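Beneath this line is the structure, given in structure tokens, with notes to follow.
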Amino acid sequence: MDQGTVDRLEHLREQIRFHAHRYYVLDDPVIADGEYDALFRELLELEAAHPELVTPDSPSHRVGGPPLDAFAPAEHVSPMLSLDNIFSAGEFAAFKERVRRYLKTDEPLRFVTEPKLDGLAVDLVYRQGVLAVGSTRGDGLVGENITAQLKTVASIPLKLLAPDGAAIPEELVVRGEVFLPRQGFAQLNRQREREGEAPFANPRNAAAGSLRQLDPKITARRPLAFYVYGVGNPEVVAAPGQEALLAQLGRFGFPVNTLIRVCRDREEVEARYQHLMAIRHELEYEIDGMVVKVDDMGLQQRLGATARAPRWAVAWKFPAVQATTVIEAVEFQVGRTGAVTPVAHLRPVEVNGAVVRRATLHNRDEIERKDLRVHDTVLVQRAGDVIPEIVKVIVEQRNGREQPIVFPTACPECGDPLLAAAGEAVIRCGNRYCPAQNLQKLIHFAGKSGLDIEGLGKKNVEQLVNEGLIRTIPDFFRLDADRLARLDGWGEKSAENVLAAVAARKTLGLAQLIGALGIRHVGEVTAGLLARRFADLQQLMTADKEQLQHIEGIGEQTAESLCAYFEDQENREMIAQLADLGVVVLAEMTEETSRTSLDGRVFLFTGTLQTLSRDEAKQLVKAHGGQVATSISQRVTDVVVGDKAGSKKRKAEELGLAILSEEAFLVLISGESAG
Ligand code: IVH
């Protein structure tokens, strides 16, 4: 074995570990993203050449290993307990009294208050400082082994840090919460909707769904985060209390929530609760309450636990924003990919300032689990910006008028039999000529995630379809000014405008066309990946499954869906018709040309972007050979400003750097002249 390679690998891992901790845990990077990426790439290349030198703590595990067949059980060293809930200051006073009585003391108690994150509890076992096993809570005694998935969560250390040579325990069992920050949640749901998948109801479900993926590569693409809140074997950390324990865990490299505070009496605890409740909507992640813990470890030990929860801690929950209303009817909607979703029509009710009229019921499992019936009185809740959901039925309000929700066996739109795919909770209409599916496809094609044809929003497309002017995608390019002008609510001017808008879309980029076709599992991001790999549509259409799966970021399902789409004779004819109608598809920049186009430029993003997520924007820069910085420095060449850009924008102006809007950035990336 070449000692030089071994040393280089060790050096790279040390460097990456250090910089990842600065970036993901301390939020204070000291090198540019591009430099970090270069280190990471070198590591991946060296390990690919020397697979025998890959270690379990290598940062290369962040990208996700091979998929698993099933999760193995993982036994916990000590039970993972739950917490008792309280809802008022009075109940907190009672908790404190109970603690006092149990300890037979009148001494003042010190409490640690922590935000209660709404995610998933995980257990992380470190042996000799290296992450060995990561698991879910399961039944508290045995969980599921999700080590490979947890390794992809960037803020979970794969190897403990030992600043100033502090001793690392032989075995350390750390516990904390994995969660999906709001922005990542919104982004994930937008993507799912674009790809014809049902959105997740809340960040907690999305986090759970992301972690419980047999393929860790899927987990790796979800922007999950982690905060530590305790240990399973406190005896190995010599900390006198919870505060000191968290500080020590921070030194080992774990992210510790910055909102954790020590409170010296009941008044301070109450004030902290009020404060957290007041700021909860401004946080980047959801919290559903505050956890209060007796700080002193010795007292914790004396207090012990019941079978369910420790006696030294309690969860003081926030009141949920809920209301009761009635399910008046259930409608089944057919989406673009044929998925049939039950939607409840509710008697309108105000929840936290917004009127709720409808709620998705997701699927049959969800309806059965909650035992929902038409005319049921139900509790609805709106959490943050999340779509309203039905929490439960108020069974006491039933009067016998309730009707079971009957799932159609035939498509409500076309009457074809509905199919339940194996392993999926959704049912689909398999009729490719289903008018409802077709309508949704056409709406998608002309809409914002498709060609974005001005004047052809949802309502107008519906009208054109109903009037028989449009039946297939090519029909958009066959529209006739006279017939349009004669439609209800139209006129010569609007007809002319729409025809001009359609004409303007006759020349379009390959990625845009692929995305607009509405192929299942193929959203904007996938379309971009495909367009960068294939010179034209013909090449893509003849690619086989293996070729497609070789593209980084494209999995088996997507590859299969693409093959099926392009093998289909009618789809091929439809595409041929587009060409005959004069639709010109421009090749995107190939990997080689795009790699060089932003060469030497360093981008900084600030403020909220409207169409791209931060991650997408960064990926775009990197895909075009540029670099991304996270703070203003001499190296930055371009600053892209979104909404509410703050100090970074001012600083960029002072330094005289190029300042771009998001739109200008997109134009730049698409290779058009910025004008
Ligand atoms: S302490 C034995 N601290 O809440 C102590 N839990 O309702 C158990 N949670 O399963 C947990 N934030 O997933 C603790 N700062 C925090 C927490 C927290 C969220 C979750 C955790 C636990 C659940 C109990």
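The values are calculated or read from the model by the stated rules, or taken from the named source; none is laboratory data. Fair warning: this is a prediction, and the values are worked out from it, not measured in the lab. Positions of Cβ are generated from backbone atoms using ideal geometry, with glycine treated the same way; all protein chains shown enter the neighbour counts. Ligands, DNA and RNA are excluded from the accessible area calculation, which covers all protein heavy atoms including side chains. Shrake-Rupley method; radii C 1.70, N 1.55, O 1.52, S 1.80 Å.
Take ARG41 and THR409, extend 7 Å from each Cα along the Cα→Cβ direction, and tell me the distance between the two endpoints in nm.
Spacing of the two 7 Å Cα→Cβ label points: 5.8 nm.
Report ³J(HN,Hα) in whole Hz for each residue of region 274-291, in order, from the Karplus equation J = 6.51 cos²θ - 1.76 cosθ + 1.60 where θ = phi - 60°; Gly and Pro get x.
4, 4, 4, 5, 5, 9, 4, 6, 8, 6, 7, 9, 8, 10, 10, x, 10, 9
Just to confirm the number: angle between the C-alpha axis of helix 492-504 and the first principal axis of the chain, 0 to 90 degrees, nearest 10?
With rounding to tens, the tilt is 70 degrees.
Would you work out the Kirkwood radius for region 43-166? I mean one over the mean of 1/r across all pairs of different Cα atoms, in Å.
Computed over Cα pairs of region 43-166, the Kirkwood hydrodynamic radius comes out at 18.2 Å.
Can you pull the semi-axes for region 529-619, root of five times each eigenvalue of the Cα gyration tensor, sorted largest first, whole Å? Before the final figure, lay out each step's value.
Working: eigenvalues 171, 58, 41 Å².
Computed over region 529-619, the values are 29, 17, 14 Å.
Need one value: the accessible area of ARG302 in square angstrom, 1.4 angstrom probe, rounded to the nearest 10.
The value for ARG302 is about 140 Å².
Across region 644-660, in residue order, what do the Karplus-derived ³J(HN,Hα) couplings come to in whole Hz, using 6.51 cos²θ - 1.76 cosθ + 1.60 with θ = phi - 60° and x for Gly and Pro?
Whole-Hz 3J(HN,Hα) from phi for region 644-660: 6, 6, x, 5, 5, 5, 4, 5, 5, 5, 4, 7, x, 7, 5, 10, 10.
What are the residues whose amide H is under 5 Å from the amide H of GLY138, where those residues sit 5 or more places off or on another chain and H is modelled from the backbone?
GLU144
Cβ under 9 Å from ALA511's Cβ, ALA511 left aside: what net charge do those residues give with Lys, Arg +1 and Asp, Glu -1?
Residues near ALA511 contribute -1 overall.
At GLU467 and ARG192, where each label point lies 7 Å from the Cα along Cα→Cβ, what is the point-to-point distance in nanometres?
Spacing of the two 7 Å Cα→Cβ label points: 3.7 nm.
When the C-alpha atoms of region 461-536 are aligned to their principal axes, what extent does each axis show, in angstrom, from largest down?
44, 22, 16
Between VAL391 and VAL30, what is the spin-label point distance in nm, taking each point 7 Å from the Cα along the Cα→C-beta axis?
Modelled inter-label distance: 4.8 nm.
Eigenvalues of the Cα gyration tensor times 5, then square-rooted: what semi-axes does that give for the chain, in whole angstrom, largest first?
Semi-axes (√(5λ), whole Å): 46, 35, 24.
Once you sort the root eigenvalues of the Cα gyration tensor of region 393-465 as a ≥ b ≥ c, which label holds: rounded (a/c under 1.5), prolate (a/b larger than b/c) or oblate (the other case)?
It comes out prolate by the Cα gyration axes.
Between ILE218 and GLN547, what's the calculated FRET efficiency when r is the beta-carbon distance and R0 is 25 Å? Round to 0.05.
After rounding to 0.05, the efficiency reads 0.75.
When the solvent-accessible surface of protein heavy atoms is calculated with a 1.4 angstrom probe, in what order do HIS550, HIS275 fall, highest first?
Ranked list, largest accessible area first: HIS550, HIS275.
Going out from 0 in 5 Å bins, what whole percent of all Cα-Cα distances in region 407-449 drops into each bin?
Binned Cα distances yield the sequence 6, 23, 23, 20, 17, 10, 2.
Taking a spot 7 Å from the Cα of LYS317 along the direction of its beta carbon, which residues of region 280-303 have an amide N less than 17 Å from it?
286-292
Once the piece of chain linking ILE659 and ALA238 is laid out straight, how much longer is it, given 0.36 nm per residue of separation minus the C-alpha distance between them?
146.4 nm
Among all lysine pairs in region 324-472 that are eight or more places apart or on different chains, how many have alpha carbons less than 21 angstrom apart?
Final tally of qualifying lysine pairs is 5.
Can you give the Rg to Rh ratio for region 356-405, taking only C-alpha atoms and Rh from Kirkwood? Intermediate values should be presented prior to the final figure.
Numbers: Rg = 11.1 Å, Rh = 11.5 Å.
Computed over Cα atoms, the ratio is 0.97.
Rank TRP490, TRP316 by accessible area, highest first, at a 1.4 Å probe radius?
TRP490, TRP316
log10 I(q)/I(0), Debye, Cα-only region 1-45, no solvent, q = 0.14, 0.29, 0.31 Å⁻¹?
Log10 of I(q)/I(0), two decimals: -0.34, -1.02, -1.09.
Give the residues of region 265-301 whose amide nitrogen is closer than 17 Å to a point set 7 Å from the Cα of ALA93 in the direction of its Cβ.
Answer for this model: 265-274.
Counting residues in region 573-657 as N, plug N into 2.2 N^0.38 Å and put the Cα Rg over that result.
For region 573-657, the normalised Cα radius of gyration comes out at 1.46.
How much accessible surface area, in Å² rounded to 10, belongs to the heavy atoms of TYR102 with a 1.4 Å probe?
Looks like 110 Å² after rounding.
What whole-number distance in Å separates the alpha-carbon centres of region 20-70 and region 1-16?
13
So what does ARG137 come to for accessible area, using a 1.4 Å probe and Å² rounded to 10?
The accessible area comes out at roughly 80 Å².
Region 280-395: percent of C-alpha pairs farther apart than 19 Å?
60
Where Rh denotes the Kirkwood radius from the mean inverse Cα pair distance, what is Rg over Rh for region 270-348? Walk me through the intermediate numbers first.
Working: Rg = 21.1 Å, Rh = 17.1 Å.
The Rg/Rh ratio comes out at 1.23.
Identify the residues of region 76-91 with backbone N under 14 Å of a label point that sits 7 angstrom from the Cα of LEU379 along the Cα-to-Cβ direction, or state none.
What the label zone holds, given the 14 Å backbone N cut-off, is 85-87.
Cα axis of helix 182-194 to longest principal axis of the chain: angle in degrees, 0 to 90, nearest 10?
Tilt of helix 182-194: around 30 degrees.
Give me the accessible area per residue for the chain, probe 1.4 Å, as a whole number in Å².
Per-residue value: 49 Å².
Summarise the long-distance tail of P(r) for region 85-131 by giving the % of C-alpha pairs beyond 11 Å. Walk me through the numbers before you get to the answer.
Numbers: 856 of 1081 pairs.
Percentage above 11 Å: 79.
Give me a comma-separated list of calculated 3J(HN,Hα) values for region 245-262, in order, Karplus coefficients 6.51, -1.76, 1.60 applied at θ = phi - 60°, integers in Hz, x for any Gly or Pro.
Values, residue by residue: 4, 5, 4, 5, 5, x, 5, 6, x, 7, x, 10, 4, 7, 8, 6, 9, 8 Hz.
Based solely on C-alpha atoms, express the radius of gyration and the Dmax of region 1-112 in angstrom.
Every Cα atom of region 1-112 included, Rg and Dmax give 24.0, 67 Å.
How would you classify region 96-222 from its alpha-carbon gyration tensor, with a ≥ b ≥ c the square roots of the eigenvalues: rounded for a/c under 1.5, else prolate if a/b is greater than b/c, otherwise oblate?
The shape class here is oblate.
Accessible area, 1.4 Å probe, largest first: how do PHE332, PHE665 sort?
Values: PHE332 30, PHE665 0 Å².
Largest accessible area first, the residues go PHE332, PHE665.
Determine the sum of side-chain charges near ASP288: Lys and Arg each +1, Asp and Glu each -1, restricted to other residues whose C-beta is under 10 angstrom from that of ASP288.
Computed value for this residue: +2.
When the distances between all Cα atoms of region 441-500 are binned every 10 Å from zero, what whole-number percent does each bin get?
24, 63, 13
Give me the base-10 log of I(q)/I(0) for region 60-115 at each q in 0.22, 0.30 Å⁻¹, Debye formula, one uniform scatterer per Cα, rounded to two decimals.
For the requested q values the scattering log ratios are -1.08, -1.22.
Please compute the net charge surrounding GLN549, taking Lys and Arg as +1 and Asp and Glu as -1 over other residues with Cβ under 14 Å from its Cβ.
Residues near GLN549 contribute -3 overall.
State whether region 191-304 is rounded, prolate or oblate according to the following rule on the C-alpha gyration tensor (a ≥ b ≥ c being the square roots of its eigenvalues): a/c under 1.5 gives rounded; otherwise a/b larger than b/c gives prolate, and the remaining case gives oblate. Don't skip to the answer; put the middle values down first.
Numbers: a/c = 2.81, a/b = 1.61, b/c = 1.74.
Judged from the Cα gyration tensor, region 191-304 comes out oblate (a/c at least 1.5, b/c at or above a/b).
Calculate the FRET efficiency for ILE279 and LYS506 from the Cβ-Cβ distance with a Förster distance of 45 Å, rounded to the nearest 0.05.
In this case the efficiency is close to 0.35.
Provide the convex hull volume over Cα atoms per residue for region 315-370, in Å³.
129
Taking amide H positions as placed 1.01 Å from N in the peptide plane, with prolines and chain starts having none, which residues 5 or more places from LEU418, or on another chain, fall under 5 Å of its amide H?
Excluding prolines and chain starts, which carry no amide H, the hits are ALA410, CYS411.
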